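Data first, discussion second: the structure below is written as structure tokens.
The values are calculated or read from the model by the stated rules, or taken from the named source; none is laboratory data. Every value quoted in this text rests on a predicted model; they were computed, and no experiment measured them. Here the Cβ is made from the backbone with ideal geometry for all residues, glycine too, and neighbour counts use every protein chain on show. Quick note on the areas: whole protein, heavy atoms, side chains included, nothing else; ligands and nucleic acids left out. Shrake-Rupley method; radii C 1.70, N 1.55, O 1.52, S 1.80 Å.
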Amino acid sequence: MSHVEIHRSHRVGWLRAAVLGANDGIVSTASLIIGVAAANTSHESIILAGVAGLVAGAMSMAAGEYISVSSQSDTEQADLALEQKSLDTDLEFETQELAEIYQNRGVEQALARQVAEQLMAHDALDAHARDEIGISANGGAQPVQAALSSAVTFTVGAALPLLVAWMVPTGYLITLVALCSLVFLAMLGAIAAKAGGASLVIGAIRVVFWGGLAMALTAGVGKMFGVVA
């Protein structure tokens, strides 16, 4: 009986950056708005703070992701260059090394040697990249993709609480921004869990808990150092 298996590990790179960006956009902007509002600031100042947080956050996320993932990419490329040098200078050693990796995974010695030779005949560097270094074709670092995903999703996430803050009266602003942001976070957690094949409930609870905690702490700071506008 045949069946189709749908794997999702190839989504890890962009999914991580996208979820991180959207989550940070909602949490940081909502927390900023709530913190400023708790300090008895005017509605115009609250919106201005939210817009500034959106722009600064999106650029920060893009730059941070690009630098971070670029460092990962540099490390991977350095490892691949080192491995290619070893393949060029001592092919026999590298073949035996790969065979021993398969033996340690439970493959019989003669068969492990045969598999190593056949894989290396097809693409020696790819075989060692996957089985010795742990770099797969689906998991390689992609700095530009990560930066764009983070910036775009941060902007979308930040726009949600900002739109709520712009539409509601100042007297209801803190309550409605907090409640709507928690709903947005729950939806984000569920969507991310669905895309990754995980539990929707656990994914939603996880982001709601930490997002709610961040907003509560920021509101407390705003209240503590509040001023009368």
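Please calculate the 1.4 Å probe accessible area of SER60, with all protein chains present, and give it to the nearest 10 Å². So the heavy atoms of SER60 present about 80 Å² to solvent.
A viscosity of 0.890 mPa s and a temperature of 25 °C, combined with the Kirkwood radius over Cα pairs in Stokes-Einstein, give a translational diffusion coefficient for region 173-217 of 235 µm²/s. Computed over Cα pairs, the Kirkwood radius of region 143-229 leads via Stokes-Einstein (0.692 mPa s, 37 °C) to a diffusion coefficient of 226 µm² per second. For the chain, the alpha carbon positions stretch 78, 44, 25 Å along the principal axes, listed from largest to smallest. How far is helix 12-38 tilted off the main Cα axis of the chain, in degrees rounded to 10, range 0 to 90? Result, in degrees: 20. Relative contact order of the chain: 41 percent, from C-alpha pairs under 8 Å at least 6 residues apart in sequence. By a 1.4 Å probe calculation restricted to protein chains, ILE174 has an accessible surface near 60 Å², given to the nearest 10. Scaling the Cα radius of gyration of region 62-102 by the globular reference 2.2 N^0.38 Å produces a ratio of 1.64. Estimated from helices alone, the mean residue ellipticity of the chain at 222 nm is -29000 deg cm²/dmol (sum of -39500 (n - 2.57) over DSSP H runs with n ≥ 4, per residue). Between helix 200-224 and the chain there is an angle of about 40 degrees, using the helix long axis and the longest principal axis of the Cα atoms. Once the C-beta distance of SER70 and ASP123 is scaled by a Förster radius of 25 Å, the resulting FRET efficiency is 0.50 to the nearest 0.05.
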